[in-house]
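The values are calculated or read from the model by the stated rules, or taken from the named source; none is laboratory data. In this text, all values refer to a predicted model and were calculated from it rather than measured experimentally. Don't worry about glycine lacking a Cβ; one is built from the backbone with ideal geometry, like all the others, and counts go over all protein chains shown. For the accessible areas, the whole protein counts, side chains as well, though only heavy atoms, and no ligand, DNA or RNA atoms are used. Shrake-Rupley method; radii C 1.70, N 1.55, O 1.52, S 1.80 Å.
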Amino acid sequence: MTKHKSIAVDGPSGAGKSTLAKLLARRLGFLYVDTGAIYRTVGLRAYRAGVDPEDEAAVTALLDGLDIELKYGADGLQHMYLDGEDVTDAIRQHVISRYTSGVSAIPAVRAFLLERQRDMAREHDVIMDGRDIGTVVLPGADVKIFLTASPEDRARRRFDELRKRGQEADYDTVLRDIILRDEHDTRRSAAPLRQAEDALLVDTTGNSLDESLDVLLETIKERLKA
């Protein structure tokens, strides 16, 4: 049985994990799995149901019969479906970030999604990004990267991203939310955000997208050869 290669990219909100992992997957010929999008879909479900994302019992009740699918479209990109509806754009609303942070701290939610993520790595060469990939989801990953940048740099990137999508955004609000998300993700009891002991720390503060991509691509190729 062929053992597939796996690359774990972890880091805080707005570090550029999804953008860079997506580009790396194309260059390497790997399947890209955006685990954050999966959690965002659960967050969207809670938002639409009017459920407090930190109400563990209420969120856990939503998991019964929850229909979430990850598919790859004709564009080659990952699309998220909730109850048959393509919610790829809907989950990127700024308000969903708070819901995602809340539901992702609930053990039942993480357990619900864990094996789905691991199955993808068993069946494909994958590059998977999130907050606990190298520590919990794929602790045996061939390459582990912990990607970060200053809160101000991450807020600027997220602000620009939201504006490009035509969404209303305020830089100070985005920065405040980034800092709050960092605190929540690092302090939660269920799979807190932390750098795996064998992960390489890559700080992209001040880097252009191409500069960050080149650093990561060189690092990954060297580690896969080793």
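Before we move on, is V109 closer than 19 Å to L70 by Cβ and either assigned to a helix (DSSP H, G or I) or more than 16 Å from the chain's Cα centre (by Cα) (or both)? It is true that V109 is closer than 19 Å to L70 by Cβ and either assigned to a helix (DSSP H, G or I) or more than 16 Å from the chain's Cα centre (by Cα) (or both).
Of all residues assigned to segment 47-64, none qualifies as being touching a strand residue (DSSP E or B) at 6+ places or on another chain (Cβ under 7 Å), closer than 24 Å to D177 by Cα, in contact (Cβ under 8 Å) with a residue 24 or more places away in the chain and of a type in the set (D, E, K, R). Among residues of segment 1-30 that are farther than 17 Å from M120 by Cβ, those with a beta-carbon under 6 Å from a residue that is at pLDDT 95 or above and of a type in the set (F, W, Y) at least six positions away or on a different chain give the pairs G11/F146.
Could you run through segment 73-112 and say how many residues are among the polar types (S, T, N, Q), open to solvent by 60 Å² or more (accessible area, probe 1.4 Å) and over 13 Å from R40 (Cα atoms)?
Residues in segment 73-112 being among the polar types (S, T, N, Q), open to solvent by 60 Å² or more (accessible area, probe 1.4 Å) and over 13 Å from R40 (Cα atoms): 0 in total.
Of everything listed in (1) open to solvent by 40 Å² or more (accessible area, probe 1.4 Å); (2) in contact with a Ser or Thr (Cβ under 6 Å, 6 or more places away or on another chain), the single unmet condition for A149 is (1). Taking (1) open to solvent by 30 Å² or more (accessible area, probe 1.4 Å); (2) not in a loop (DSSP other than H, G, I, E, B) in turn, G65 satisfies each apart from (2).
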